[in-house]
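Report on the structure given below.
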Amino acid sequence: QKEVEQDPGPLSVPEGAIVSLNCTYSNSAFQYFMWYRQYSRKGPELLMYTYSSGNKEDGRFTAQVDKSSKYISLFIRDSQPSDSATYLCAMSIGASGSRLTFGEGTQLTVNP
Amino acid sequence: GAVVSQHPSWVICKSGTSVKIECRSLDFQATTMFWYRQFPKQSLMLMATSNEGSKATYEQGVEKDKFLINHASLTLSTLTVTSAHPEDSSFYICSARPGGDGYTFGSGTRLTVV
């Protein structure tokens, strides 16, 4: 069993839709949770970072963490064609110097 | 925000030659840097953890003699692919953590070995 499971998609939605991306994990030692966006042939770009259960909002993005269920989500409101990319969840046990464990990535296409 | 600069962005080399990829933290010091490899439509695979002033730690299955990592300063880590072969063709990405927030990634290097 993989430590982090993420539905690879692909996911296709119309512009303006609410997008929900999800990851589950098996290692309860994970304490830091991140969501990255990766455009084709580019390095991942950090979207959200959180280390506590609950919701964190930044513009159109909301990250949700449920440590008791070992489940994290990223919601994208009013999705735009420019949001079309691969979204990766990532998590780590410790802070700086600690390795990241990634999900497989979900490929999202937002159609105009 | 914090920036990790990675060069080159793409490189084509002949089989048997070596290629060096540089990763610099521009506005912060990085005691630790991470090197990843990514195949098309797959997630990032950690290759090694680079520590300033000491030997890198390689993941299981990664050949340390083939993928040489040097982290000589707090702002520079290099990955050298030695005696490259077509199967080494991939997307290589470095990462570091500025502190207090998530990890920052370089823009990646697309290596093609012909």
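The values are calculated or read from the model by the stated rules, or taken from the named source; none is laboratory data. This is a predicted model, so every value here is computed, not measured. Please note: Cβ atoms are built from the backbone with ideal geometry, for glycine as well, and neighbour counts cover all protein chains shown. Note: areas computed on protein heavy atoms with side chains; ligands, DNA, RNA excluded. Shrake-Rupley method; radii C 1.70, N 1.55, O 1.52, S 1.80 Å.
Can you tell which of B:53, B:10, B:26 lies farthest toward the positive end of the dipole of the range B:1-106, using +1 and -1 charges on the Cβ of basic and acidic side chains (Lys, Arg; Asp, Glu)?
Value: B:10.
If you wrap a convex hull around the alpha carbons of the range B:49-103, what volume per residue comes out, as a whole number of Å³? All intermediate terms of the calculation are to be shown ahead of the outcome.
Working: hull volume 5.5 nm³, N = 55.
Hull volume over Cα atoms, normalised by residue count, gives 100 Å³.
Give me the inter-chain shielding for B:39-50: mean count of other chain Cβ atoms within 10 Å, whole number please. Don't skip to the answer; put the middle values down first.
Values: counts 0, 2, 6, 4, 14, 10, 1, 4, 0, 0, 3, 0.
Neighbouring Cβ atoms belonging to other protein chains average 4 per residue here.
Bin width 10 Å, alpha-carbon pairs only: give the P(r) of chain A as whole percents, running from 0 to the bin holding the largest distance.
That works out to 15, 49, 30, 6, 0, in percent per bin.
How many lysine pairs in the protein assembly as shown, separated by 8 or more positions in sequence or lying on different chains, have Cα atoms less than 19 Å apart?
The number of close lysine pairs in the protein assembly as shown is 13.
Please identify the cysteines of the protein assembly as shown that lack any partner cysteine with a Cβ under 4.7 Å from their own Cβ.
Singleton cysteines: B:13.
Note down the nm distance, to one decimal, between modelled labels 7 Å out along Cα→Cβ at residue B:87 and at residue A:1.
3.2
Could you tell me the distance between the Cα centroids of the range A:1-44 and the range B:38-114, to the nearest Å?
After rounding, the separation between the Cα centres reads 22 Å.
About its Cα centre, what dipole magnitude does the range A:1-56 give when the only charges are +1 on Lys and Arg Cβ and -1 on Asp and Glu Cβ, stated in debye to the nearest 20?
On the way: 5 positive and 5 negative charges, 38 e Å.
The dipole of the range A:1-56 has a size of about 180 debye.
For chain B, what log10 I(q)/I(0) values come out of the Debye formula at q = 0.11, 0.14, 0.18 1/Å, with one point per alpha carbon and no solvent?
The Debye formula, applied to the Cα set alone, gives -0.31, -0.51, -0.85.
Averaged across A:32-41, how many Cβ atoms of other chains sit within 10 Å of each residue's Cβ atom?
Numbers: counts 4, 1, 3, 1, 4, 0, 6, 0, 1, 7.
Rounded to a whole number, the mean comes out at 3.
Of all the stretches in chain A, which is the longest one without any exposed loop site, taking trypsin sites (Lys or Arg not before Pro) in a DSSP loop (any state but H, G, I, E, B) with at most 14 other Cβ atoms within 10 Å?
Values: sites that count: A:2, A:41, A:60, A:77.
Segment A:3-40 is the longest.
Would you check the accessible area of residue B:71, probe 1.4 Å, heavy atoms only, in square angstrom rounded to 10?
Estimated to the nearest 10 Å², residue B:71 gives 10 Å².
Which value, to two decimals, describes the C-alpha radius of gyration of the protein assembly as shown once divided by 2.2 N^0.38 Å? Walk me through the numbers on the way to the answer.
Working: Rg = 17.6 Å, N = 226, 2.2 N^0.38 = 17.3 Å.
Its radius of gyration relative to the 2.2 N^0.38 Å reference: 1.02.
What nm value, rounded to one decimal, do you get for the distance between residue B:110 and residue A:68 when each label is placed 7 Å out toward the C-beta?
4.7
From other protein chains only, count the Cβ atoms within 10 Å of every residue's Cβ in B:89-99, then give the mean. Write out the running numbers ahead of the final one.
Values: counts 0, 0, 3, 0, 4, 1, 5, 2, 7, 1, 2.
Partner Cβ neighbours, averaged per residue: 2.
Between B:53, B:16, B:102, which gets the highest mean-square fluctuation from a Gaussian network model of chain B, Cα cutoff 10 Å?
B:102
Give me the percent relative contact order of chain A, please, defined on Cα pairs under 8 angstrom at least 6 residues apart.
Working: 271 pairs, mean separation 41.7, N = 112.
Computed over chain A, the figure is 37 percent.
Mean-square fluctuation check for chain A, GNM, Cα pairs under 10 Å: which of A:63, A:90, A:29 is largest?
A:29
State, to one decimal in nm, how far the label point of residue A:53 lies from the label point of residue B:10, with both points 7 Å from Cα in the Cβ direction.
Taking the two extended label points, one gets 4.7 nm.
Assigning unit charges at the beta carbon (Lys, Arg +1; Asp, Glu -1) and nothing else, what dipole magnitude in debye, to the nearest 20, does the protein assembly as shown show about its Cα centre?
Numbers: 20 positive and 20 negative charges, 77 e Å.
With only Lys, Arg, Asp and Glu charged at Cβ, the dipole is about 360 debye.
Can you pull the Kirkwood radius for the range B:1-66, inverse mean 1/r over Cα pairs, to one decimal in Å? Write out the running numbers ahead of the final one.
Details: mean 1/r = 0.0721 Å⁻¹.
For the range B:1-66, the Kirkwood estimate is 13.9 Å.
I want to verify a result. In a Gaussian network model of chain B, Cα cutoff 10 Å, which of these has the top mean-square fluctuation: B:12, B:93, B:21?
Answer for the Gaussian network model of chain B: B:12.
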